[in-house]
Amino acid sequence: MQRKIPMAGVRVGMYVVSHGEGTFGSPLVVVERILASAEELAELRAGGARLVEIDDEKGAPAGDGALACDLAAERGGALVPKVPLSAELPRTLQHYTTAVRFARKVYESIRAGGGVDMKAAEGCVDDLMGSVVRNRSAAICLTKLADLDDYTFAHNVNVCLFGMIYGLAQDFDAEQVRRIGLAGLLLDLGKARMPLEILNKRGKLTPQELKTAQLHPVEGYRLVRNLPGVHEDVCRAVLEHHERYLGQGYPRGLSGRDICELANVLSVIDVYDALTSDRPYARAKTPSEAFRIMYASRGKDFEPLTVERFIKALGVYPVGSFVRLSNGKFAIVCETSSDRPLKPTVRVVFDSRMRPRLAEVMDLAGAKGGQCEEVEIAECVNPRDYKVDVLRLLV
């Protein structure tokens, strides 16, 4: 089947029929061949094509990545759910686990002296981008609730997803969103070149070990800069994601505007995901605890507006958060709104003594269902402390 898709949705392996709109400013160019390499794809992009006609039967199908681009273009990047959460969760989980497997595989490949399969990396990003556009809440839930016990590889995928959620919330175009997702997925490649005794050490690193560990952004940069078709912004994000706003980061001690925008964004996301994840040396914090810590570091560790925009993109209480209400009952956040960040819609699932009850959806802003009771969120709590399976109760 032949159809036109945005340039940002085109990838290696597709059969390109033509591009251009047949106008004086955008003449029709007939191609009729498969894009065989990243160099050919980069050349096509450099030509300024906006719409490209492909043939799904003669080459790789457009799939979820092109769908994401279509939907982002249709809505101007707005995060409007296109698919119900319950319908999107299984598909997002499939893409998520595939991406985690990719992260593990590329790490093992680099340690063995191999390289990075960029076609696979771009495919992972495209599929995850499609899920984010269809329903961002599914992606937000899975980053914290998926039953994966390997933080190292899940972290890369989480940063990728959070980066694309941020990008769409800021009305980045589809290519920029794809770029931030790719940077997130490749962010910690340099750790594959670090000594295992340092990576796996549970105690405090010695000064010399710390100095070695802080070289991983440089090693990551050396890996990605030689990959075909990787944008300079992606390379810089990998190199600079541990730089800090006042110049107290590493590896080069950059500050302020000397740090590229993508690195500023991903440095915030990198820390947020670390704070809200169980690690060998630290217990996961709730999203609200992490936000408080990061908000206090605005203008010191992080570019101030970036922190605020990230919190707004996720919501003060992100979907999937397990909360205790002011009436003592326990609930799961199931819908957020930037207009009322402290008053999300919740699904009440336990009474004040943590006894299961008939689920009730409650809009804390009082906009739905006409609830008269004044209820607000008292605190965000860790579901693992109560042995609660949030995903099961949410849908």
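The values are calculated or read from the model by the stated rules, or taken from the named source; none is laboratory data. No experiment lies behind these values; they were computed from the predicted model shown. Because the Cβ atoms are built from the backbone with ideal geometry, glycine has one as well, and the counts that use them run over all protein chains shown.
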- Query: Are any residues in the range 11-68 of a type in the set (Val, Ile, Thr) and at pLDDT 80 or above, and if so, which ones?
  - Reply: VAL16, VAL17, VAL29, VAL30, VAL31, ILE34, VAL52, ILE54
- Among ALA121, ALA183, ALA154, ALA174, which is the only one that is touching a strand residue (DSSP E or B) at 6+ places or on another chain (Cβ under 9 Å) and among the small types (Gly, Ala, Ser)? ALA174
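What number of residues in the range 294-304 are surrounded by 13 or more Cβ atoms within 10 Å (Cβ to Cβ) and hydrophobic (A, V, I, L, M, F, W, C)?
Going through the range 294-304, the residues surrounded by 13 or more Cβ atoms within 10 Å (Cβ to Cβ) turn out to be 294-295, 297-298, 301-304.
Remaining after also requiring hydrophobic (A, V, I, L, M, F, W, C): 294, 302.
The total comes to 2.
Kindly state which strands (runs of 3 or more DSSP E) lie completely within the range 302-366 and contain at least 2 residues that are touching a Gly at 6+ places or on another chain (Cβ under 9 Å).
Numbers: elements: 322-325, 330-335, 345-350, 356-363.
Fully inside the range 302-366 and qualifying: 330-335, 356-363.
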- Message: Just to be sure before I move on: is CYS141 farther than 26 Å from MET14 by Cβ, at pLDDT below 95 and not acidic (Asp, Glu) in the structure I sent?
- Response: yes
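So which residues in the range 270-290 are assigned to a helix (DSSP H, G or I) and among the aromatic types (Phe, Trp, Tyr), if there are any at all? Before the answer, list the steps.
Residues of the range 270-290 assigned to a helix (DSSP H, G or I): 270-275, 287-290.
Matches in the range 270-290: TYR272 only.
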- Sole miss for ASP258 among (1) surrounded by fewer than 16 Cβ atoms within 10 Å (Cβ to Cβ); (2) in contact (Cβ under 8 Å) with a residue 24 or more places away in the chain; (3) farther than 25 Å from LYS144 by Cβ is condition (2)
- Query: Any residue at all in the range 133-155 that is in contact (Cβ under 8 Å) with a residue 24 or more places away in the chain, surrounded by 19 or more Cβ atoms within 10 Å (Cβ to Cβ) and within 16 Å of LEU262 (Cβ to Cβ)?
  - Reply: no
- Note on the structure: Contact list, first residue from the range 91-103 and in the same structural domain as ALA192 (by TED's automatic domain parsing), second anywhere and in a helix (DSSP H, G or I) and surrounded by fewer than 18 Cβ atoms within 10 Å (Cβ to Cβ), beta-carbon distance below 6 Å, six or more apart or interchain, is PHE102/ALA120
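Starting from residues that are of a type in the set (A, V, I, L, M, F, W, C) and over 18 Å from the mean Cα position of the chain (by Cα), keep the ones in the range 262-293 and report whichever is surrounded by the most Cβ atoms within 10 Å (Cβ to Cβ).
Going through the qualifying residues, I end up with ALA284.
From the residues in the range 180-232 that are in contact with a Ser or Thr (Cβ under 9 Å, 6 or more places away or on another chain) and part of a helix (DSSP H, G or I), which one is nearest to GLY114 (Cα to Cα)? Walk me through it before giving the result.
Taking the range 180-232 as the starting set, the residues that turn out to be in contact with a Ser or Thr (Cβ under 9 Å, 6 or more places away or on another chain) are 188, 191-192, 194-195, 198-199, 205, 228-229.
Now restrict to residues that are part of a helix (DSSP H, G or I): 191-192, 198-199.
Values: LYS191: 14, ALA192: 11, ILE198: 21, LEU199: 20 Å.
Here the residue is ALA192.
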- Scanning for something closer than 13 Å to LEU185 by Cα, surrounded by 21 or more Cβ atoms within 10 Å (Cβ to Cβ) and at pLDDT 90 or above, does the range 103-111 turn up at least one residue? yes
